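Structure record follows, encoded as structure tokens.
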Amino acid sequence: MNVNPSTPAEPHLMRTYARLPIALSHGQGCRVWDTEGREYLDALAGIAVNTLGHNHPRFVAALREQVGRLIHTCNYYYVPDAERLASRLAELSGMENVFFCNSGLEANEAAIKLARKYGHSRGIDLPQIVVYERAFHGRSLATLSATGNPAIQKGFEPLVDGFIRVPLNDIAALETATANNPNVVAVFLETIQGEGGINPARWEYLRQVRELCDQRGWLLMTDEVQCGMGRTGKWFAHQWAEIVPDVMPLAKGLGSGVPIGAVVAGPKAAHVFEPGNHGSTFGGNPLAMRAGLETLRIMEDDDLLGNAARVGARLKAGLREALAPLPGVREIRGEGLMLGIELDRPCGGLTARAASAGLLISVTAERVIRLLPPLILSEAEADEIVARLSPVVRQFLSEHTS
């Protein structure tokens, strides 16, 4: 299978993406087809978005029904499904209430605002938030400033002040960076760094940070935009550490392809925002709320958390058997259906090579193959991912020296 080498013309779109020369047409389950009729196994799910895969019959029927009823209203009025979805998220997380928006960036931006207002409510004029090396929280000016990637920050200076950066999984570094600093109000981290290379926070580290935040009166804010919504085999990845954060941004998989973001808050943060402090035109609209509710219902009915854990373990084991012994493969890591294969050399070209082999993947942090398939992935499809990816990686490593 060869990807069409011709690049579709897009003269009226800003060139903000380095696209592959593929235009996808339709999908079914974990497979998609392009406009030339080529089939691909989707191991990316729109970057952890298509929780239920493509063309899920129950999900499609629910959205069709909702589109025929009401797509959008402004937030002058009650949206009953918003309270229903917020209630379910509070129940699943052990937290209290929710603000709805449209994306992970917006959810993270809201979390930053919430932390600053929390600080001001405690008499802190210049609140500071601890963030992490290799983190990614978005591309607005505030979330870009919280992100730990100088390459994507370059050209957008001056960045927003108020962030203290530390390495992940080093509690001593966190304590040192915040020592005798009365302006710290929150610690903000991805439970598993996605864009940074599938780097998990160790569960013991999360417990240590939770304890430190409790001691200092800080908010613990866990960015679950990519790693949440069942992807690791728990509803939220921090639940593996048996902790509860104070603020939790969500997005991506919550709407199974319909744009949605959410900020879930626990008691310390639940009542920081007041009317007029924050808002969103599209956030919490009837279509997005129905998408979120149906996603949760189907996930529960079909035990997709259990499936993510079982099939993810099989996929990781298959990848380790096929690839771990190869010179050039540094580590295979991750949890559930959020896996990364780190090589010892840049490997951005593997996205096109894998597509030519009928597999959709991504490469992040220059050297990490990222796999984020739909949570409906079967064991047979997990084996197929290994079968399609392994020869591509082997061939690449044989041709390129580090």
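The table below gives the values:
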read-out: Hits in region 118-144 (condition: touching a His at 6+ places or on another chain (Cβ under 9 Å) and part of a helix (DSSP H, G or I)); value: Thr143, Leu144
read-out: Any chance Gly253 is assigned to a loop (DSSP other than H, G, I, E, B) and either polar (S, T, N, Q) or closer than 24 Å to Ile332 by Cα (or both); value: no
read-out: Condition check for Glu91: among the charged types (D, E, K, R), free of Cβ contacts under 8 Å to residues at least 40 places away in the same chain, open to solvent by 20 Å² or more (accessible area, probe 1.4 Å) and outside any helix (DSSP H, G or I); value: no
read-out: Residues (among the small types (Gly, Ala, Ser), open to solvent by 10 Å² or more (accessible area, probe 1.4 Å) and touching a Phe, Trp or Tyr at 6+ places or on another chain (Cβ under 8 Å)) located in region 279-294; value: Ser280
read-out: The one condition in (1) open to solvent by less than 50 Å² (accessible area, probe 1.4 Å); (2) outside any loop (DSSP other than H, G, I, E, B); (3) on the phi < 0 side of the Ramachandran plot that Asn50 fails to fulfil; value: (2)
read-out: Residues (assigned to a loop (DSSP other than H, G, I, E, B) and over 16 Å from the mean Cα position of the chain (by Cα)) located in region 325-346; value: Pro325, Leu326, Pro327, Gly328, Asp344, Arg345, Pro346
read-out: Test: residue in region 358-369 that is assigned to a loop (DSSP other than H, G, I, E, B) and in contact with a Ser or Thr (Cβ under 8 Å, 6 or more places away or on another chain); value: yes
read-out: Tally of residues being among the basic types (Lys, Arg) and surrounded by 24 or more Cβ atoms within 10 Å (Cβ to Cβ) across region 219-272; value: 2
read-out: Residue ID - nearest to Ser362 (Cα to Cα), chosen from residues in region 180-205 that are over 17 Å from the mean Cα position of the chain (by Cα) and open to solvent by 10 Å² or more (accessible area, probe 1.4 Å); value: Arg202
read-out: Selection count where residues are in contact with a Cys (Cβ under 7 Å, 6 or more places away or on another chain) and in contact (Cβ under 8 Å) with a residue 60 or more places away in the chain, scope region 351-393; value: 6
read-out: Criterion violated by Leu326 - all others in (1) surrounded by fewer than 21 Cβ atoms within 10 Å (Cβ to Cβ); (2) in contact with an Asp or Glu (Cβ under 9 Å, 6 or more places away or on another chain); (3) more than 22 Å from Cys30 (Cβ to Cβ); (4) not acidic (Asp, Glu) satisfied; value: (2)
read-out: Residue count for region 308-324, restricted to those that are without any contact (Cβ under 8 Å) to a residue 60 or more places away in the chain, hydrophobic (A, V, I, L, M, F, W, C) and part of a helix (DSSP H, G or I); value: 2
read-out: Extreme residue, farthest from Glu399 (Cα to Cα), among residues of region 333-360 that are open to solvent by 10 Å² or more (accessible area, probe 1.4 Å) and touching a Leu at 6+ places or on another chain (Cβ under 6 Å); value: Leu360
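The values are calculated or read from the model by the stated rules, or taken from the named source; none is laboratory data. Because the structure is a prediction, the values reported are computed rather than measured. Counting neighbours? That spans all protein chains shown, and the Cβs are built from the backbone with ideal geometry, glycine included. Note: areas computed on protein heavy atoms with side chains; ligands, DNA, RNA excluded. Shrake-Rupley method; radii C 1.70, N 1.55, O 1.52, S 1.80 Å.
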